[in-house]
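Working notes for the structure below.
Values quoted throughout were computed directly from the atomic coordinates according to the rules given, and no laboratory measurement underlies them. These numbers were taken from a predicted model, which means no experiment stands behind them. Don't worry about glycine lacking a Cβ; one is built from the backbone with ideal geometry, like all the others, and counts go over all protein chains shown.
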Amino acid sequence: MSTLKPDDKAQSWRVRAWNDDAVEQRFLKEDLIAIGGPEMPDVSVWPGDESILRTLRAALPERPERAFPVFVRYWRCFRIDMRPGDVVVVPMRRSRAAVGVIVGDYRFQADEDDPYLRHRRQVRWTAEIDRSVLDNRLRKVVNAPGTLARLPPGTRPTVSVEA
């Protein structure tokens with residue numbers, strides 16, 4: 001892990017590793033974050049919210065209708081709104097969190113065996129911390145359910161360690 005100072009205009013995000021130790025370890029080892037599953041094709045060329053919505057409805061008919069706008073927002077945020085220089089926090093098991101800076105654009109890794117790791121962005125991890133050190137407002141969002149969330153302005157984690 002290394003120190004990297006994000007741009008002052010950078011946004012901050014929380015992305016989950018689905019409470020899966022293997023996925024968490026791949027995030028850290030391969031310097032990435034990822035979302036999605038087998039239901040979504042490559043979105044390198046953004047097809048638009050309506051197309052994403054149709055794809056999700058067709059692939060996930062068991063999901064309640066109210067879930068789909070949330071899923072579309074996850075995809076739009078991950079593909080369109082996140083930018084290199086943004087800060088990301090990944091809550092991990094045992095009350096830990098990885099903190100890093102996004103350094104790459106969206107990439108679809110078609111040959112990835114795990115469909116949950118095909119839609120990805122490269123990250124430079126700067127710290128692995130105990131979530132208890134996070135500001136209370138930030139900790140609430142980091143601990144909240146959901147795949148992805150934009151962190152409130154002014155709550156960016158400030159913890160970093162030298163390599």
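Key figures
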| read-out | value |
| --- | --- |
| Test: residue in the range 117-124 that is free of Cβ contacts under 8 Å to residues at least 60 places away in the same chain and either surrounded by 15 or more Cβ atoms within 10 Å (Cβ to Cβ) or hydrophobic (A, V, I, L, M, F, W, C) (or both) | no |
| Qualifying residue in the range 94-108 (condition: farther than 25 Å from residue 56 by Cα, of a type in the set (Lys, Arg) and out of contact with any Ser or Thr (no Cβ under 9 Å at 6 or more places or on another chain)) | yes |
| Search result, residues across the range 46-56 that are crowded, with 18+ Cβ neighbours inside 10 Å and under 18 Å from residue 120 (Cβ atoms) | 52 |
| Verdict on residue 58 being of a type in the set (Gly, Ala, Ser) and in a helix (DSSP H, G or I) | yes |
| Criterion violated by residue 156 - all others in (1) in a helix (DSSP H, G or I); (2) touching a helix residue (DSSP H, G or I) at 6+ places or on another chain (Cβ under 9 Å); (3) surrounded by 13 or more Cβ atoms within 10 Å (Cβ to Cβ) satisfied | (1) |
| Test: residue 43 is under 19 Å from residue 144 (Cβ atoms), surrounded by 14 or more Cβ atoms within 10 Å (Cβ to Cβ) and β-branched (Val, Ile, Thr) | no |
| Matching residues in the range 41-55 - criterion: being closer than 24 Å to residue 111 by Cβ and outside any helix (DSSP H, G or I) | 41, 42, 43, 44, 45, 46, 47 |
| Of the criteria (1) surrounded by 15 or more Cβ atoms within 10 Å (Cβ to Cβ); (2) in a loop (DSSP other than H, G, I, E, B); (3) of a type in the set (Val, Ile, Thr); (4) without any contact (Cβ under 8 Å) to a residue 60 or more places away in the chain, which one residue 72 fails | (2) |
| Residue match in the range 76-85 (condition: surrounded by 13 or more Cβ atoms within 10 Å (Cβ to Cβ), part of a loop (DSSP other than H, G, I, E, B), in contact (Cβ under 8 Å) with a residue 24 or more places away in the chain and on the phi > 0 side of the Ramachandran plot) | yes |
| Qualifying residue in the range 46-68 (condition: hydrophobic (A, V, I, L, M, F, W, C) and in contact (Cβ under 8 Å) with a residue 60 or more places away in the chain) | no |
